[in-house]
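Data block below; observations after.
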Amino acid sequence: MRREDRDLRDTALDEAALEARLHRLWRSPGGLRGFFSTVDHKAIARRYMVTAFAFLALGGVLAVLMRLQLAQPEARLLSADLYNQIFTVHGSTMMFLFAVPVMEAVGVYLVPLMVGTRNIAFPRLNAFSYWTYLAGGVMLWVAFVLNVGPDVGWFAYVPLSGPQYAAGKRADVWAQMITFTEIAALAVAVEIVVTVLKQRAPGMTLDRIPLFVWAMLVTAFVIILSMPAIVLATSVLIMDRLVGTHFFNPAEGGDALLWQHLFWFFGHPEVYIIFLPAVGMVSSILPTFVRRPIFGYLPLVLALVATGLLSFGLWVHHMFTTGLPRLGESFFTASSMAIAVPAGLQIFCWIATIWLGRPVYRVPFLFILAFFFTFVLGGLTGVMVASVPLDTQVHDTYFVVAHFHYVLVGGAVFPLLAAVTYWFPKFTGRMMSERAGRMSVALLFLGFNFTFFPMHILGLQGMTRRIYTYQADLPWGEMNLFVTASSMVLAAGFVIFFANAFLSARRGETAGSNPWGASTLEWATASPPPPYNFARIPVVASANPLWDSGDALPVASGLSAGRRELLVTTMAEARPEVRETSPGDSIWPFWTAIATTVMLVSSIFTPWAIVWGAIPVAVALTGWFWPRGTPEDDS
């Protein structure tokens, strides 16, 4: 590359010449080389989303199998051992391979676009996170197909998951799957924090950040603070099983309850790791369909932050029946009820936004209305199980199953489907079918409520969780048959939604850059966006720049047109600070993920794999970070 080309700034080029140069500079090569080496946040986010929804479909198949087994008393469709594997793999898939990754994936795609930058921070780490996540999911499902699937529940309580009661490698597979997914989640969280705090468009002060970006920022901090607990827990569980330590063995001075404390210190914030992005989606989508800015921007931001903080003070409400001191339980009851305050504040702000606006009843808005109903009902039962006397009665019954499905499916999946429909034009350049979308909303809403609301009744009737069959003289048969039939309606709703997405991506109506008439920056570029996102970095003067500035959105200039360059801004005021080179495509994140996979999978069989496996990991990291000179030194 000639020196005069390298030093050329975007101010010296007209729009067409600039876009052509940036396209050549930022695009990934074609073929397998580009597939394995790309660091484009949009390409990686699409892979994340497609993979996560594939795991959702697989987990849904397992759910259907469980419901068929429970449709009648004393059924013999599944054996007890296979049911335990299906129950564990279903829960692990939905929590660790779908819910958390898909929310982070939407953030990986949208956050750089919403804050007006050209790529996510640490793009090679982003690529590495996806390959690591994929490897962990494949390992779990290959083990399940080979009849080595974990059978200790998605929470893997000791001592049932310890060496005394869980012989073989099933529990080890589960523990290492956690390691894979948490490495990936922590990597993405770091990327999002740095992108939001240091790569915002000029003028995007803290009070102008889109609410979805605020939600992802809070979520990222919750991930960074909570996930080390589960990494620690699974690591010492593996040491108990493979090395002979006794962290969870009371006979040797360990403590079985230590597992529950470590697991739920992560496990309850994880609910909000899933929920916070969902409410951010609602707050970002709602204004578009009521044609007015969100009511209560500052209270909604404070509610997001308060929810993130309070989420760390709730974990013991999963342990009310373990014999902990009553005084301690009272504090956790109070905090479990207190977290309903920011949730209620968000609901009132959303209702006020709708009340003061002019609603347009398109599919994303209908999904949001479905979310309101199911989330409020799930929140009410959440306050109920926060009470120690009631929780003691319904603990380990289907009442709890109904509650957390209302919170997680109603509180997260409905907003997620609204988000997929809303941002589908941005992902693909095409619109989803409105008719098929309305059909899927109806089936999913009815199927969900008819499936999970009766489980409250089953729980109050005494049906316990994690049983693979029940006697004919128990009064659960008819209700279980109704739940199973309703689950087929729910499954049909998902099938129609997936079919709609697949067919619309191929031949849906072509979308413009801003088909919904939205207000945030991701709609200021083409649909789908070019590899560089923005030819010139936008300048923001309000929280709704496209509504307030229209087609005359001001832009900043001065970035290089000869190398991948980003604008770094100050943390609070988003004032331009420095220009920073963004790393280019590289195959080394893929090879590092492969080396990490070999090391972690091998460690299931011998602890020496960590020692010897660290060598290829170090080699791959050396290739990743090997200095190649600055772009100015290229010839």
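Every number in this text was worked out from the coordinates using simple rules, so none of it is lab data. In this text, all values refer to a predicted model and were calculated from it rather than measured experimentally. Please note: Cβ atoms are built from the backbone with ideal geometry, for glycine as well, and neighbour counts cover all protein chains shown.
Mind checking which aspartates and glutamates have their C-alpha under 13 Å from Lys198, skipping anything on the same chain fewer than 8 residues away?
Glu573, Glu577, Glu580
What percent do you get for the relative contact order of the chain when only Cα pairs under 8 Å and 6+ apart count?
Contact order relative to length: 22 percent.
What lysines could a cross-link reach from Lys426, if we take a straight Cα to Cα line under 20 Å and drop same-chain neighbours fewer than 8 places away?
By straight Cα distance, Lys426 reaches Lys42.
Extension gain Leu257-Val555, at 0.36 nm per residue separation less the Cα-Cα distance, in nm?
Going from the current span to full extension adds 101.6 nm.
Between Val568 and Met239, what length in nm is gained on full extension when 0.36 nm per residue of separation is reduced by their alpha carbon distance?
Result: 114.1 nm gained on full extension.
In the chain, which helices (entire DSSP H runs) extend 27 Å or more along their own long axis, judged by Cα positions, while averaging at least -1.0 on the Kyte-Doolittle scale?
Qualifying helices, which must be both long enough and hydrophobic enough, are 41-70, 123-145, 170-198, 211-242, 256-290, 363-385, 434-460, 477-507.
Any chance you could run the full-extension gain for Arg466 through Gln164? It's 0.36 nm times the residue separation minus the Cα-Cα distance, nm to one decimal. Numbers along the way, then the final one.
Values: separation 302, 0.36 × 302 = 108.72 nm, distance 2.07 nm.
Full extension from Arg466 to Gln164 adds 106.6 nm.
Modelled label-to-label distance, Leu380 and Asp14, 7 Å Cα→beta-carbon offset: nm?
6.4
Per residue of segment 561-570, in order, report the coupling 6.51 cos²θ - 1.76 cosθ + 1.60 (Karplus, θ = phi - 60°) as ³J(HN,Hα) in whole Hz, putting x for Gly and Pro.
Each residue of segment 561-570 in turn: 9, x, 8, 6, 9, 10, 9, 9, 10, 6 Hz.
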